[in-house]
């Protein structure tokens, strides 16, 4: 009798399930691809939004006209007066004649009981336990012995005064083995001079004062100094200041005086600073165009809302200043050297701008901003504000895309759960089938043996 044979064998369950799941997962993968596309669109919107914010900032700066008020300042003698520019100012020359510098009051104490102090930490016997310092009309009592075990020394007096924050700086200096206590007002000027009203007497001058038993020697008296205000004239006008750092003497300039004498401060227009501001405005506009073009050629291809952004900005640049005759004044940016190129970008001709500014500075300023808010800076800033506002194209586009992303995310979550269940089902079914096939194979093998 012929033998019975079979080709039945165990199944590769994992391979079968994997192939089935590859087909089942296709809708999920398609959804994930859509999510990726939406996220790319969201990124493109974010880049446009960032570029628009930069343009709004630049436009607002231009609309104020402050960028035209940039000056360079110089001093004919920086050892007398050193200058730094701030904002604003008026071109011109300012003659300074410094006759007195502002100083802090300083007192030096180097004697105790008629003797030199040779140990800054040595106890000063008989010294009071507190003293009072008066600064700008305010009295501060300083406890020299906060605890019962504390003693009073040159160093401890210095430490307690500094810890009080009263407005007087204290230090201990040493010279040839002799120690001195130096007290100085933290701020210069007669209004900030300090006085000692307890724990000693204050003569109100540089000599004759005492402090906690400490006195001044002849040498210490010459090292001390009275508080004084800075005195000078600016173009013949008298000026006094409690500080040598003068912030309101010349508009747009801070002046630091360091010694007596004469110096002339000159203010001139800073053409390079103005050019930098102009170029910053041009670059900000061009960056918006770059971001829009990139989005429209990529993830937001043929998106009408994004195209409308560029059209709106271009429309503003193409519209003259209302009420200005372009034949007699400046009504377009191009008349001041800022022109739209064939590719839609802006380009600055600095030479043309300087020429326009020199010829008619008020008309140039009016181009960027005016009281009617019709300057190009005014209108661009307002337009960008609308674009970035809650109902503007940027926020509505973000909202729409985020809604799509949320929908896809919800679908993917649901689909992933179904796929997990489906995979478990397939695995269970084919594992059971595998078991049946295994039994059939065993039965066939047994029958074959019997027939043999």
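The values are calculated or read from the model by the stated rules, or taken from the named source; none is laboratory data. Since the structure is predicted, the reported quantities are computational estimates derived from the model, not experimental observations. Backbone-built Cβ (ideal geometry, glycine too); neighbour counts: all protein chains shown.
Listed values, structure above:
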read-out	value
Where residue 281 falls short, out of the listed (1) surrounded by fewer than 17 Cβ atoms within 10 Å (Cβ to Cβ); (2) in the same structural domain as residue 380 (by TED's automatic domain parsing)	(1)
The listed residue being without any contact (Cβ under 8 Å) to a residue 60 or more places away in the chain, in the same structural domain as residue 42 (by TED's automatic domain parsing) and surrounded by 18 or more Cβ atoms within 10 Å (Cβ to Cβ), out of 387, 380, 367, 357	367
Candidates 197, 206, filtered to the one that is outside the structural domain of residue 242 (by TED's automatic domain parsing), in contact with a helix residue (DSSP H, G or I) (Cβ under 7 Å, 6 or more places away or on another chain), in contact (Cβ under 8 Å) with a residue 24 or more places away in the chain and farther than 18 Å from residue 155 by Cβ	206
Test for residue 172: is it in contact (Cβ under 8 Å) with a residue 60 or more places away in the chain and crowded, with 17+ Cβ neighbours inside 10 Å	no
Which listed residue, of 114, 92, 65, 88, is over 19 Å from residue 183 (Cα atoms) and assigned by TED's automatic domain parsing to the domain that holds residue 205	114
Matching residues in region 236-273 - criterion: being under 16 Å from residue 86 (Cβ atoms) and outside any strand (DSSP E or B)	243, 251, 252, 270, 273
Unmet requirement for residue 337, which otherwise passes all of (1) in the same structural domain as residue 56 (by TED's automatic domain parsing); (2) touching a residue at least 24 places away in the same chain (Cβ under 8 Å)	(2)
